Structures are given as structure tokens and as C-alpha cells.
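The values are calculated or read from the model by the stated rules, or taken from the named source; none is laboratory data. For clarity, every value in this text was computed on a predicted model and none was experimentally measured. Virtual Cβ from ideal backbone geometry, glycine too; neighbours counted across all protein chains shown.
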Amino acid sequence: QRWVSAIELAGPGFLNIRLQPAAKQQVVREVLSQGARYGSRPARGEKMLVEFVSANPTGPLHVGHGRQAALGDAICHLF
């Protein structure tokens with residue numbers, strides 16, 4: 001792909017995909033040109049489950065769990 005600079009296996013079930021700078025620049029151009037419409041689409045009645053806070057029940061909570069909660073909430077608002 002012209003937008004991908006590298007793909008590497010990063011352990012069982014994980015891939016690191018690195019994008020070319022031009023790919024990121026294209027997204028910025030699209031966001032700026034579409035403004036508030038960027039990323040929106042008509043509702044299709046689909047459902048999605050996003051699990052984003054998975055704290056270890058046998059261990060203490062820490063600030064990292066809060067970060068993941070905020071990130072997961074932001075991802076849910078994208079859809």
C-alpha cells in the first residue's frame with residue numbers, strides 16, 4: 001500500500017502498522033475540508049461492543065486504568 005511504510009509482527013495477535021507521513025497529512029486535509037462533517041455517516045441501526053476498561057480484579061487500580069477509560073469513551077463517540 002502506498003500509505004503504509006512498514007508492517008511488523010509484534011507478538012501473538014499483534015501487528016504494528018506504520019503509515020507514511022503523506023497518509024497522515026491526507027487525513028488532516030480531509031478533516032480541515034469537511035469540518036464538523038468529518039467522520040459522520042447516516043445511522044444504519046448497527047450495534048457495536050467496545051470493551052475498554054479491563055482492570056485486573058485481583059490487583060489495585062492505577063492511573064493507567066483511568067487513561068484507558070477516557071480513551072475508550074472517546075473511541076465510542078467516534079461511532
Could you tell me whether LEU49 is on the phi < 0 side of the Ramachandran plot, surrounded by 10 or more Cβ atoms within 10 Å (Cβ to Cβ) and not small (Gly, Ala, Ser)? no
Subset of region 52-78 that is surrounded by 10 or more Cβ atoms within 10 Å (Cβ to Cβ) and among the small types (Gly, Ala, Ser) - its residue that is farthest from SER40 (Cα to Cα): ALA55
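Residue-by-condition table, conditions (1) free of Cβ contacts under 8 Å to residues at least 40 places away in the same chain; (2) in contact with a Phe, Trp or Tyr (Cβ under 9 Å, 6 or more places away or on another chain); (3) within 26 Å of GLN26 (Cβ to Cβ):
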position: ALA36; (1), (2), (3): yes, no, yes
position: SER40; (1), (2), (3): yes, no, yes
position: ARG44; (1), (2), (3): yes, no, yes
position: GLY59; (1), (2), (3): yes, no, no
position: GLY66; (1), (2), (3): yes, no, no
position: LEU71; (1), (2), (3): yes, yes, yes
position: ALA74; (1), (2), (3): yes, no, yes
position: HIS77; (1), (2), (3): yes, no, yes
Which members of region 5-54 meet the condition of being more than 20 Å from ALA74 (Cα to Cα), under 19 Å from the mean Cα position of the chain (by Cα) and in a loop (DSSP other than H, G, I, E, B)? ALA10, GLY13, PHE14, GLN20
All conditions in (1) at pLDDT 80 or above; (2) outside the structural domain of VAL4 (by TED's automatic domain parsing); (3) not aliphatic (A, V, I, L, M) are true of GLN25 except (2)
